[in-house]
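Reviewing the structure listed below.
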Amino acid sequence: MIEGTHEHKDETEEQIHIVSPRIYILIGATLLILTGTTAAVSFVELGPFNVVVALAIAVIKAMLVVLFFMHLRYSPRLTKLTAISGIFIFLGLISMTLADYISRAWGRW
Amino acid sequence: MSTATIVSLPDQSTARIPKVNFLTKENGLLSWLLTGDHKRIATLYLISITFFFFIGGALAALIRLQLLTPGAELMATDTYDKVFSMHGLIMVFFFLVPSVPATIGNFVIPIMVGAKDLALPKINLLSWYLYVIAGIMMIYTMSVGGVDTGWTFTTPLSTHYLNTHVVSAGLAVFVAGFSSIFTGLNFIVTIHKMRCPGMTWFRLPLFVWSNYAASVLMVLGTPVLAITLVLVVLERTLGIGVFDPAKGGDPLLFQHLFWFYSHPAVYIMILPGFGVISEVVSTFSRKRVFGYTAVAFSSVAIAVFGFFVWAHHMFIMGISNYSALVFSLLTMLVAVPSAIKIYNWAFTLYKGSITFETPMLYALGFMGLFTIGGLTGVFLGSTGTDIHLTETYFVVAHFHFVMVGGMLMSFLSGIHFWWPKWTGRMYPEKISQFAAVVTYIGFNLTFFPQFILGMLGMPRRYASYPPEFQVLNVFSTAGATVLGVGYLLPLLYLTWSLKYGAIAGENPWQATGLEWQIQSPPLTENFAETPIMDHEAYDYDWLERKQASEVASV
């Protein structure tokens, strides 16, 4: 009975990490500031970089929410791996789709 | 056919179904609709998917009747478009995707890992309710006039040119997607967290491994489909322009996103079927599955490779030549783990004590038909031959060999295999063996001519065809009627067996899985006490020793 459990020590001994209200307020404020930045930047003409900036800010915000509000930073490695697998698959989707768009202009081989 | 059998039933004159079991524990409709018991939810799913299977089957019958003659005599051409679209949508999203995982998987996975239930019983029930809501939305779509995009919702047809019910159909599939995400999530958490003491990863039955791989695909792939369908709905209603070249969008982007889910989706459908075949082949050969680890990891390999082959659906759609080359090579890679499985099952049979009960007949049928389906996939994965064969009946035949010849055969194999555990009663053996053979013959007669039709150039998705194709189409339609009998028979005799079947006892097949060591039908809690796994999976020597010691102690 014991052999089955000890190899999963880091999974079963999950302690619930208590995040101080200070961190929550800090992250919440950062998210609001970034939202304001997104809105402000949309009034500035940056050409194609408008999209890049908006997406970059959105990614940072999503990371803050996942890391702190959803406690990924304080989670066991298995949970982190689960989140990363989603990002890995998403990168596969984006990079291989874009590879098609980029190489279409190359013509025939 | 050999008459040897491994079936060992208790003495019918004294045997009784256990008074307390998951079916009799509580009574009344509410005890079913509010249940958290994975076995009851599996039963609800079984009834629902059977209902949709027969709707989808009726639509298939209409398609085959229409194609009996070269002209469009039976129905108008736009009606035909709706019929084949609804057939595809219902069969893919309401039968094939939930078929094995949500019914058989729901029923046996918690028992196989030695747990009392899935990790999240309420999410499991929610998953069934979402499925029912999605099903009602799909029936609504059908009753107000249906949809004629094909099951693929391809843009710009779906967004710009059709006035049928694309929005309600798309939202129905969206909701059904969440139902399958919840099932997958539940399996992943259960398999990670709820294994009984001693149940290490490499002692898990292979059915659990293959469902785990399918669950990963469900959780990672389905959200992409959901987002894509929302984009189609927004494009259609608000004209946001993601897929519209006039507004800077690209219709091919839709196909990239759609097939990014829908190619892995065929592995979501087939992987749990592989799991059933592993269990059945081992049980009816009395041997441990040959190369257990290779079979386990080939499921994971299929899940990973499956995500990087999607553009092989798009070779002629205008993607770049370089992309087509890369995706063609990657597609060939998937053949490797699939072949590992087929070879390992064949080696399991080698020198095994094979008996031919119904589940085994379906499993052997699966091995033949899936091999043909898989190998014709190689024709379609090669860019050169694909240009000739794509959008013809060759693709239809390939897909049906994999999904009907593969998945449906393994589903029926699994239903017969676990039926005694589920209901406590045996199905009638002779007539079910007959049904398995009828299914096999009917299937080949229906779909093999379609390979030839495709090679000759008959395009799919048309209500009429040139008269020279009629002979093969008559074969196909005739086969479909035989196939229909093959599917009606199990419905009839399985229902009959609920009341009149022989009492099965705990372990009619002399199988080794944990689910066969408990009463049938199981208790609501599955196990009277937490089991301890002290042997490898498929260890028939362990079973023999256990039975010997039971006899000695009595």
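Between B:THR392 and B:ARG460, the built amide H atoms are under 5 Å apart, and every one of these is 5 or more places off in sequence or on another chain. Annotation: aspartates and glutamates with alpha-carbon distance below 12 angstrom to B:LYS19 (same-chain offsets under eight excluded): none found. The overall shape of the protein assembly as shown is oblate: from the C-alpha gyration tensor, with semi-axes ordered a ≥ b ≥ c, the ratio a/c is 1.5 or greater and a/b is no larger than b/c. Per the Cα gyration tensor, region B:406-554 maps to an equivalent ellipsoid with semi-axes of 45, 17, 13 Å, ordered largest to smallest. Over the residues of chain B, the helix contribution to mean residue ellipticity at 222 nm works out to -21500 deg cm²/dmol, using -39500 (n - 2.57) for each DSSP H run of at least 4. In this rough spin-label picture, where each label sits 7 Å from Cα along the Cβ direction, the B:LEU29-B:GLN547 distance is 4.5 nm. Summarising the amide proton neighbourhood of B:ARG425: residues at separation of 5 or more, or on other chains, whose placed amide H is nearer than 5 Å comprise B:ALA504.
How charged is the neighbourhood of B:LEU125? Take every other residue with its Cβ under 14 Å from the Cβ of B:LEU125, and add Lys/Arg as +1 and Asp/Glu as -1. Numbers along the way, then the final one.
On the way: positive: B:LYS39, B:ARG40, B:LYS122; negative: B:ASP37, B:ASP117.
Charge balance near B:LEU125 sits at +1.
Converting phi to 3J(HN,Hα) with the Karplus coefficients 6.51, -1.76 and 1.60 and the offset θ = phi - 60°, region B:10-16 yields x, 4, 5, 6, 10, 5, 9 Hz in sequence order, with x at every glycine or proline.
The label-point distance for B:LEU126 and B:HIS535, in a model that sets each label 7 Å from Cα toward Cβ, rounds to 4.0 nm.
Within 10 Å of each residue's Cβ, count the other Cβ atoms and sort B:TRP259, B:TRP542 from fewest upward. Don't skip to the answer; put the middle values down first.
Numbers: B:TRP259 22, B:TRP542 13.
Placing the least packed residue first, the sequence is B:TRP542, B:TRP259.
Extension gain for B:ILE227-B:VAL471 works out to 83.5 nm (0.36 nm per residue, less the C-alpha to C-alpha distance).
Based on C-alpha pairs under 8 angstrom that are at least 6 apart in sequence, region B:29-553 has a relative contact order of 18 percent. Two tests apply to each whole DSSP H helix in chain B, Cα reach of 30 Å or more along its axis and mean Kyte-Doolittle hydropathy of at least -1.0, and the ones passing both are B:38-66, B:121-143, B:166-193, B:206-238, B:251-285, B:321-349, B:358-381, B:429-456, B:470-500. The label point for A:ARG22 and the one for B:LEU523, both projected 7 Å from the Cα toward the Cβ, are 5.3 nm apart. Residues in region B:264-293, backbone N under 14 Å from the label point at B:THR200 (7 Å along the Cα-to-beta-carbon vector): list them, ranges by number please. Counting backbone N atoms under 14 Å from the label point, the list is B:293. Assuming a ≥ b ≥ c are the square roots of the Cα gyration tensor eigenvalues, decide whether region A:13-109 counts as rounded (a/c under 1.5), prolate (otherwise, with a/b larger than b/c) or oblate. Because a/c hits 1.5 or more and a/b fails to exceed b/c, region A:13-109 counts as oblate. Based on the Stokes-Einstein relation at 4 °C and a viscosity of 1.567 mPa s, and on the Kirkwood radius from alpha carbon pairs, region B:324-434 is assigned a translational diffusion coefficient of 82 µm²/s.
With N the number of residues in region B:261-384, Rg(Cα) / (2.2 N^0.38 Å) evaluates to 1.17. Net length available on complete extension from A:TYR74 to A:VAL51 is 5.1 nm, with 0.36 nm assigned per residue and the Cα-Cα distance removed. Remark: region A:41-58, residue by residue, has Karplus-estimated 3J(HN,Hα) of 5, 5, 8, 9, 7, 10, x, x, 6, 4, 5, 4, 5, 4, 5, 4, 5, 4 Hz, where x stands for each Gly or Pro and the curve is 6.51 cos²θ - 1.76 cosθ + 1.60 at θ = phi - 60°. If you wrap the Cα atoms of region B:160-240 in a convex hull and average its projected area over all directions, you get 6.4 nm².
Quick check on the exposure proxy: order B:GLU525, A:GLU45, B:GLU279 from fewest to most C-beta atoms within 10 angstrom.
Numbers: B:GLU525 14, A:GLU45 7, B:GLU279 31.
Final ranking by Cβ density, sparse to dense: A:GLU45, B:GLU525, B:GLU279.
Since only B:PRO459, B:SER413, B:LEU126 are under comparison, the one whose Cα sits farthest along the positive direction of the charge dipole of the protein assembly as shown, derived from C-beta charges on Lys, Arg, Asp and Glu, is B:LEU126.
Quick note: the coordinates plus some simple rules give every number you see, no bench work behind them. Note that the structure is predicted; figures quoted are calculated from it, not measured. FYI the Cβ positions are ideal-geometry reconstructions off the backbone, even for glycines, and counts take in every protein chain you see.
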